[in-house]
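A short write-up of the structure that comes next.
The values are calculated or read from the model by the stated rules, or taken from the named source; none is laboratory data. Quantities reported herein were computed from a predicted structural model and do not represent experimental measurements. Reconstructed Cβ throughout: ideal geometry from the backbone, glycine too, with neighbour counts over all protein chains shown. Remember, those area values only see protein heavy atoms, side chains included, never the ligands or the DNA or RNA. Shrake-Rupley method; radii C 1.70, N 1.55, O 1.52, S 1.80 Å.
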Amino acid sequence: MHLLFVNPPSPRNRSIIRLIDCSHEAKADYLWQPSDFMLISALLGPDDGASLIDGTADRLGEADFFRLVAGSNPDLIVFALSGVCWESDYRYFRKTRDRFRDKPFYVIGDIFQEEAYLSRIVQECDGVIVNPFHLDLEGMMGRSGKGLPGVRSAAEAAPAPLLREGEAPGGIPRHGLFLKKGYVFPLARRARFATVTTVWGCPFACSYCPDSNFQPAVRPWQTVVRELEHLETLGVKELFFGDKAFGYPRENVAPLLDEMAGRFNFSWSCYFHPQMYTAELLELMKAAGCHTLIVGIESANTDGLKRYGRHVDKGRIVELVTHADRLGMSVCGDFILGLEHESEAEMLATTRFARELPLDFASFNIAAPLPGSAFRQKAVAAGRMVFGAEGYDTLSHRGELGISAVGYERLRALRNRAVRQFYLRPSYLLRRLRKTASIEHFVLQVSQMAGMARKSLMSAQSRPPPLTGGG
Ligand code: SF4
């Protein structure tokens, strides 16, 4: 079997990251590796072949992209689409599908958490992959995803949970396929990096987040250790753990960290939920090579987050960030502006909180009706969303559809001011210089800061496109 993974080109070379659970546009000049493709590649047998056409990572024009498509001869195709640039992705999907009309053809994409989009796409392909672990690749070659595990091939009146909690089967991704120069991780210390996942899905359930729909599937730590051994043979030294909340479950992560501290020499970063924090775990992570944490802080008013099912203790956030700082680790705080209960004064308190904490980076997002989220359900129920009119993301390329009482233009201005106030502080720049590990690290950081400034400026200048359907 030869499996072809396809990511289409993105409009205006935007850095769109397309995943099963959540897609987004990078807020600086980075592009994650396609981690779902990577996990699916772990299911291939030793005699199977695989290739990747990534029009986004390789910044391909339409003609070059279709030249590569025409030159390939796969037995099975997996194509990624995103709600962030639905109209463009759907157009590429249809043309690629036409090229492989006689081949089994499956898709992935966050947008298919929405039944209207799932119903449309399953009429034009063999199924939507909703779980990258439990696929029957041989069965998928049979030209119909009907009844196959991990695939939805028909809209259902009451869809079952997308994935039940459990243990993922062991297998090692074909990392060699994904070591492209076009993939850049913004917090890495080295340009060449690999994404490793210990848990797919999320053990938490924040209603504004699409990941709340995906129960966690855990890869046994012994499998991850084998993967690290493989990465060593490829000369990879930098990792990004793609887990949504690294550290879960503790009994799987503790032995992994012990092995990493004792046998390996990777430097790495990960997402870390404040409720996972204990001093012991953080110190174990540091010993295992972790240099940067991305922490969802969201708001200065953590009590206000309870209504979205997010339970975080503010004291714990402060404790985690200051402990990480003491250990010499860097922390990127993730914040959301424009949640439906928030006043402008509360948003300003959040941006102040970001500057008061000893943070090394801050990412300010705007609440958006992401596929599968409660905000989206409300917008659909209120008739504020039209099929095909996508493009809502946390960079606010399109209006925020009335989630916040504060107007759309004002929200964007608040976000851009938050970025400027955070990054353009002399004390901040000195702090970054102090924590820069090497010239390669310095160059990576300067390029990401320039990219963030450019995107922030573009976001301030662009006007929302008209709300029309298409595709
Ligand atoms: S913890 Fe993070 S990834 Fe998980 S549901 Fe909440 S916001 Fe989403």
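Computed values, structure above
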| quantity | calculated |
| --- | --- |
| Inter-probe distance in nm under a simple model that places probes 7 Å from Cα toward Cβ, at Ser72 and Asp48 | 1.5 |
| Given Lys181/Lys306; Lys27/Lys378; Lys103/Lys237, the pairs whose alpha carbons are separated by over 29 Å | Lys181/Lys306; Lys103/Lys237 |
| Accessible surface, per residue, of the chain when the full set of protein chains is kept, probe 1.4 Å, Å² | 38 |
| FRET efficiency for Ala405 and Arg425, using Cβ-Cβ distance with R0 set to 35 Å, rounded to 0.05 | 0.75 |
| Extension reserve of the Gln123-Glu138 stretch, reckoned as 0.36 nm per residue once the Cα distance is removed | 3.3 nm |
| Heavy atoms of Arg101: accessible area, 1.4 Å probe, square angstrom to 10 | 130 |
| Shape category assigned to segment 6-153 from the gyration tensor of Cα positions, a/c cut at 1.5 | rounded |
| Förster-model FRET efficiency, 45 Å R0, Asp102 and Asp58, C-beta, rounded to 0.05 | 0.95 |
| Over segment 2-167, relative contact order from alpha-carbon pairs under 8 Å, at least 6 apart, % | 24 |
| Global form of segment 185-461, assessed from the alpha-carbon gyration tensor, a/c cut-off 1.5 | prolate |
| Pair Ser438, Arg250: separation of 7 Å Cα→Cβ label points (nm) | 3.5 |
| Cα centroid of segment 311-358 to Cα centroid of segment 245-307, whole Å | 16 |
| Inter-label distance, nm, simple model (7 Å from Cα along the C-beta direction), Ala287/Arg91 | 5.5 |
| Of Leu339, Pro426, Ala26, farthest towards positive along the dipole that unit charges on Lys, Arg, Asp, Glu beta carbons give the chain | Pro426 |
| Evaluated over the chain, the Cα radius of gyration and Dmax, each in Å | 21.3, 61 |
| DSSP beta bridge pairing in segment 185-461, given as percent antiparallel to the nearest 5 | 10 |
| Added length on full extension, which subtracts the Cα-Cα distance from 0.36 nm per residue, Asp258 to Leu179 | 25.8 nm |
| Antiparallel content of DSSP bridges confined to the chain, in %, to 5 | 15 |
| Inter-centroid distance (Cα atoms) of segment 118-154 relative to segment 174-226, Å | 22 |
| Within the chain, helix-based [θ] at 222 nm, where runs of 4 or more DSSP H residues each add -39,500 (n - 2.57), nearest 500 | -10500 deg cm²/dmol |
| Segment 2-167 - percent of accessible surface contributed by carbon and sulfur, probe 1.4 Å | 48 |
| Positive minus negative residues near Asp21 (Lys, Arg vs Asp, Glu; Cβ under 10 Å) | -2 |
| The chain - percent relative contact order, Cα under 8 Å, separation 6 or more | 15 |
